[in-house]
1. To the nearest 20 debye, what charge dipole does the chain have about its Cα centre, counting +1 at the Cβ of each Lys and Arg and -1 at the Cβ of each Asp and Glu?
2. What FRET efficiency do you get for residue 42 and residue 380 if R0 is 60 Å and r is their Cβ-Cβ distance, rounded to the nearest 0.05?
3. Can you work out the Karplus-derived ³J(HN,Hα) for every residue in segment 243-260? Use 6.51 cos²θ - 1.76 cosθ + 1.60 with θ = phi - 60°, whole Hz, and x for glycine or proline.
4. Would you work out the relative contact order for segment 306-393, in percent, from Cα pairs under 8 angstrom that are 6 or more residues apart?
5. For segment 84-151, what does the alpha-carbon gyration tensor say about shape, rounded, prolate or oblate, given a ≥ b ≥ c as the root eigenvalues, a/c under 1.5 as rounded, and a/b over b/c as prolate?
6. Could you tell me the distance between the Cα centroids of segment 244-263 and segment 77-91, to the nearest Å?
7. Given the Cα atoms of the chain, and with Rh set as the inverse mean 1/r over their pairs in the Kirkwood sense, what is Rg to Rh to two decimals?
8. If packing is taken as the average count of other Cβ atoms within 10 Å, what order do 104-115, 213-224, 239-250 fall into, highest mean first?
Amino acid sequence: MTTSTSDATPRPASPRPVRTAATLIVLRDGSHGLEVLMLRRAEKADDQNSGASVFPGGVIDAHDRSLHGHCGGLDDSAASERLAVPQGGLDYYAAAIRECFEEAGVLFAADGTGRLVALDKLPPAQLAAMRDEAEQGTDALISLCDRHGWQLAADRLAYFTHWLTPPGMPRRFDTRFFLAPMPEAQSVRPDGRETVEHMWLRPAEAVAPARGLKLMNVTRRILEQLAHFASTAELMAHARGLTHIPRIMPRLADGPAGRRPVNMEEPAYEEVGHVDPDGKGGGRYAHEAGLVMRLSARVLRVTGEADASGALAHSYFVGVAGGDCALVDALPASPGHLAALVAAAPGRVRWLLSTQATTEEEKKHALHEAWPNASIASPAPGEQIDLGDATLRVLPGTGGAPTCQFLQVEDRMLLAGLDAGPAADDGQARWIALRHGFLRSRPTP
């Protein structure tokens, strides 16, 4: 069974439990460099990844622990330490080997001499019977090993990466990925039910648009990593030398191209986690003119048209719905942006504030026409603006154009203006809202 760890599909009504899983990436050296075994999933109406090209793998079986005594070269203590789990680390190695045999017909098992078994030398009928037997469950694989005196070659696998399905997915998997060189004297034989075709591809070829493979986000990202290595030996040495393997969890967000996973290195990642931690919807991976985004109960962001630099600029309303509020950085206040601000105002706009010095009196006049009762204020650092349920503290700006920054005290959100970075705020800010960028976090001191 192959698992998805990061593709976007309609969300369920209630969250489902996270299931543990293991995947084995099988490698070989081809005439043009490193190649990876890819399996194509069968077309199924109820499968969200129908027809996708994947690595062999699936969910940890409750009986995989019974395979511990049949694993060679690695015990549970060492495996658990490697995977940074209290216990049961060997379950993942055993499951990865089991799933690879079930789906691809490739068995990482060693005979009494320590050599990987040569399945291709067995009579075809015997091999088919072994395969059918193993697919019946873990106990059958144990019986197979006992009968032939084999040990599962857990020590031939190298732990490589760790992915968690984004919140909001119908099914979520906590998946450990392993690497192993393809055994000699064995051939790939897809099971014909879950997997119907196999391919040996260079990683760069597998992700190339011209190849046309359907790839899950996690598969594509791992293939992009593998493309940096020239040979199996180089990649295996790299994996065995890793001292810390962090868990990677994309997040789902919406944007111009529809819903998709946002990976951890993307600018939008932290903001998506802040506004939509449970994957219920509302996060965005791209800025769009006219987009209204609630960053907290007290802060509403409106994205304007591109400013002189060509970047989309943001304006911020601070204050709870229905109460007094302040509007920060309304300029350049083009007609379209001004109309969007007027439509989005959550309450009575009493203060018009800016992190930037400006002499554009015409645009200031347009703002005052829209909110005639608002004060166009230029507070000094150290002053505080009381908005009822929200408070803005004025901080000095960084050198250059910004004149000040505004700390929204209750949410510890700093409206910092330019993207040059916030001024020192004695650790008061937890989140930083920039004029052109996504909301980003600041480590708590």
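Throughout, read-outs are computed from the coordinates displayed, never taken from laboratory work. Keep in mind it's a predicted model, so treat the numbers as computed, not measured. Positions of Cβ are generated from backbone atoms using ideal geometry, with glycine treated the same way; all protein chains shown enter the neighbour counts.
1. 260 debye
2. Here the calculated transfer efficiency is 0.30.
3. Result, ordered by residue: 9, 9, 10, x, 7, 10, 10, x, 10, 7, 8, 9, x, x, 9, x, 6, 7 Hz.
4. Dividing the mean separation by the residue count of segment 306-393 yields 28 percent.
5. Prolate, because a/c is 1.5 or more and a/b exceeds b/c.
6. The two parts, judged by their Cα centres, are 27 Å apart.
7. 1.12
8. Answer by packing, highest mean first, reads 213-224, 104-115, 239-250.
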